[in-house]
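The values are calculated or read from the model by the stated rules, or taken from the named source; none is laboratory data. None of the values given here were measured: they were computed from a predicted structure. So basically every Cβ, Gly included, is an ideal-geometry build from the backbone, and we count neighbours across all protein chains shown. Surface areas here come from the heavy atoms of the whole protein model, side chains and all, with no ligands, DNA or RNA. Shrake-Rupley method; radii C 1.70, N 1.55, O 1.52, S 1.80 Å.
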Amino acid sequence: MSSGKEPIRVLVVDDSPTMADAVSALLTDDPRIEVVGRANTGSRAVTLARLLRPDVITMDLLMPDLDGPAAIAAIMAEAPARILVVSAVADQRNLDVCFQAMSAGALELIGKPTVTSGEELRRWGRQLAESVCLMAEVPVISRRVRMASPPPPVTGARVDIFGLAASTGGPPALSEVLSRLPADMPVPIVIAQHITEGFTPGMVRWLSQVTSLKVVIGKEGERLEPGRVYFPLDGHDLTVEGNGVVRLTRTRGGPCPSGDLLLSSLARTYGSRAGGGVLTGMGEDGARGLLDIKKAGGVTFAQDEASSVVFGMPRVAIELRATDRGVPLSAIPDIIRMSCRRGPMPNSRPPGPEGIA
């Protein structure tokens, strides 16, 4: 991991010479970054990752000989690095491959620029450079930890809804959680996963392939239904109000979508019948919303450090005492399942017993 004044060493991978030139030039403009190599095929990327041992790799996906997901899998096996996918979002095939890349070990998705003006391109370059610098602080994980620890007991509480907040490393974590939940889940699940605008439809399609639950993008004013998983519209925050009704508002800055706004709305609407969890992610979003659920008497948990790609958001949740301790990712589906009572959705905030925290 880079520290002090050492530059962050970046390998740029893209089969388009024009795009590779642009990414290299924009990253080099940042004094914190040094581009140490370029690759135009997946196999070349694997070779250079092994030889150069870069801190961060920016990775295109649709390339000759070895595509992005295959190259990422090989790199994570032979020369683990922090990998940022830089991909076009307009093409459905691209979107599907993006989430295969996340499963293989990529940390983040960044859309390729669609702009033509110099200033807009430089602005995109500054955002890319900032993402590279943030990712350089993430510990390199060559494989995901799977622990068979039993879940903590869920005593008394039964919830009518579950909300999850996640960021870096979240899509694969969500895939594991949702794949182990039954199709007849008696409550809806609402999720705030930080993601670059344009990638949400692809994530919904990808998750739909791994779970028996119905995964959808929530619509303004619709009422939540049991057995469904809801994500907000691209660039919007999702809250749940009144009688379990979806509210969508355009994000006004900060993490998008907001985990704090989502979880706090569940605390207001459902009180002790709300459940919430904070999964792997950088920063602190979701921790204060989780604390609101804890104060309302609902069920709360945070993913533990051992199974988190980035133990940022869960750490803050634990430090705020929004939950007592972290739990392994493998235990989370059981916690959700055991916390859900069967019965109709509430019409208002019902009184209820205290849940775990």
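Looking across the stretch 187-216, the residues that are of a type in the set (Val, Ile, Thr), surrounded by 17 or more Cβ atoms within 10 Å (Cβ to Cβ) and in a strand (DSSP E or B) come down to ILE189, VAL190, ILE191, VAL215. Taking each residue of the stretch 232-246 that is within 14 Å of GLY289 (Cβ to Cβ) and looking for partners that are assigned to a strand (DSSP E or B) and among the polar types (S, T, N, Q) with beta-carbon atoms closer than 6 Å, six or more apart or interchain, yields ASP237/THR249. hydroxyl-bearing (Ser, Thr, Tyr), open to solvent by 30 Å² or more (accessible area, probe 1.4 Å) and either over 18 Å from ALA322 (Cβ atoms) or assigned to a helix (DSSP H, G or I) (or both): is that true of THR249 in this structure? Considered against the rule, which asks whether it is hydroxyl-bearing (Ser, Thr, Tyr), open to solvent by 30 Å² or more (accessible area, probe 1.4 Å) and either over 18 Å from ALA322 (Cβ atoms) or assigned to a helix (DSSP H, G or I) (or both), THR249 comes out as yes. Among the residues of the stretch 263-299, those identified as in a helix (DSSP H, G or I), open to solvent by 10 Å² or more (accessible area, probe 1.4 Å) and either β-branched (Val, Ile, Thr) or more than 19 Å from LEU224 (Cβ to Cβ) (or both) are THR269, ARG288, LEU291, LYS294, LYS295. Residues of the stretch 120-150 that are at pLDDT below 60, of a type outside the set (S, T, N, Q) and closer than 29 Å to GLU108 by Cβ: ARG143, ARG144, VAL145, ARG146, MET147, ALA148. Step by step: first the residues of the stretch 217-240, then only those that are open to solvent by less than 50 Å² (accessible area, probe 1.4 Å) and acidic (Asp, Glu), then the one that is farthest from GLY111 (Cα to Cα). Which residue is that? Here the residue is GLU222.
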